[in-house]
Structure formats: C-alpha cells, structure tokens
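Heads up: the structure comes next, in structure tokens.
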Amino acid sequence: YVTYKPCEEEEPQDQSIILLEYYDQENKLMRLPQKGYAKIRQTYNRSGFLIREAYFVEDKDRKECPAYRKDYMVAEIAYEYSDDGNRICIEYRDDSGNPINRRDAGYAKIYQEFESGYLVGVYYKGYKDQIMVDVPDQTTGIASAKYVYANGRKKEDHYFDTKGVPALRSDLGYAVKKYDYNS
C-alpha cells in the first residue's frame, strides 16, 4: 500500500512537500522491484505545481538514500513553469542534482515554448561528450518540434533533427502533419 503524508522536514515558506512511501503486507517499507525506489518526495510551489520529484530507498540502517528510477535511470525530475503556469522545462537529474540523460530517451532536458497558451515548440537537450547540445529523442528520432495554429486550432506539426532540418519521426514516419477541420 502507499501512504501520502506531509514531509516532516522543514519546508521553505513558498513550497510544500509530500512524501509517498510504499509498504508491503507486513507494514515494512519496500523497494518496488519494477520501479527501483521505496519513496517519492514531491515538492510543490505556492501555485500547487509539482516542481521536483525525487526517489529514495532506505539502507540497512534505515537511512534514506537516493534511488534511480529503473525506467529513466534518474534520481530526480525538476519542473519549471512560466508566470502564466505553462511548464517550460523538465530536467532529469542524477543523485547529486546534476542534469543527466534519460537512459530510455537520451535527453536530459525538454524545453517547451508557448504562445497565447498554445504549445508551439518542443526542444530536446542532452549531454554529448559532456556538452549540453540538441539531441534526438530516442523514441521519435526528432530533436525538436514546431506547432502551428490558426483561429485557435492546430494546423500543422513540424519535426526537425539536431541541425534544424525537417526529419521523419521514427515512430510515425512523417516530418509534417497537417490538420483539416470541417464546419
């Protein structure tokens, strides 16, 4: 079972922290085998947005230690929001709080761009030879995407490689998708 509780550590005034803990039938904290962690510490900002999610286990002395999610191989995820509430950056971090490439997707950061509340751009950044550069998402094969709107409706999706050249999405097989609406 899972328990949700306010974290007992001192919280900054403009944040709240919730701790999720996973227990077995004997009421012992357990590491989820498919996940790799036993606790999640979620930090929320004043507006109620999740700004950080960190993963933990306990060692044999019941001391809390950072853990890596098995799917991404990251110890924490940080989220950044614009003043209007749109999520503009997702950063994947190691157990020291430094950006690290996700094992499954190959990027360390996703930047999102918004105009008038609409998502108009997505950019993948990751480490290559210890330098943060544009990288392709290993799932889709693209390094960025642009979205075009007209009259409040999405009209086109455009996908690009690391050089900004149109690229076929490896999962879908096209570089541009156009939308057409009837009355």
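For segment 37-76 versus segment 100-142, the inter-centroid distance based on Cα atoms is 22 Å.
For segment 44-153, the dipole from Cβ point charges (+1 on Lys and Arg, -1 on Asp and Glu) about the Cα centre works out to 180 debye, to the nearest 20.
Each label point was placed 7 Å from the Cα along the Cα-to-Cβ direction; for GLN15 and SER183 their separation is 5.5 nm.
The residues of segment 18-170 have, on average, 57 Å² of accessible surface per residue, using a 1.4 Å probe with all protein chains present. Remark: segment 6-105 carries a charge dipole of roughly 460 debye about the Cα centre, counting +1 on each Lys and Arg Cβ and -1 on each Asp and Glu Cβ. At full extension, ARG103 and MET73 could sit 10.2 nm farther apart than now, given 0.36 nm per residue minus the alpha carbon distance.
Between ASP171 and GLU115, 0.36 nm times their residue separation minus their Cα-Cα distance comes to what?
On the way: separation 56, 0.36 × 56 = 20.16 nm, distance 2.68 nm.
The ASP171-GLU115 span can extend by a further 17.5 nm.
Pairs of Cα atoms nearer than 8 Å and 6+ residues apart set the relative contact order; for the chain it is 9 percent. Out of the total accessible area of segment 48-183 (probe 1.4 Å, heavy atoms of protein only), what percent is carbon and sulfur? Answer for segment 48-183 is 46 percent, counting heavy atoms of protein chains only.
Of the residues GLY141, ALA105, ILE88, the one whose Cα sits farthest towards the positive end of the charge dipole of the chain is GLY141 (charges of +1 on Lys and Arg Cβ, -1 on Asp and Glu Cβ, taken about the Cα centre). The simple spin-label model puts a point 7 Å past each Cα toward its Cβ; for PHE49 and LYS128 those points are separated by 2.9 nm.
The values are calculated or read from the model by the stated rules, or taken from the named source; none is laboratory data. This structure is a prediction, so every number in the text was calculated from the model and none was measured. Every residue, glycine among them, receives a Cβ derived from its backbone with ideal geometry; neighbour counts consider all protein chains shown. Quick note on the areas: whole protein, heavy atoms, side chains included, nothing else; ligands and nucleic acids left out. Shrake-Rupley method; radii C 1.70, N 1.55, O 1.52, S 1.80 Å.
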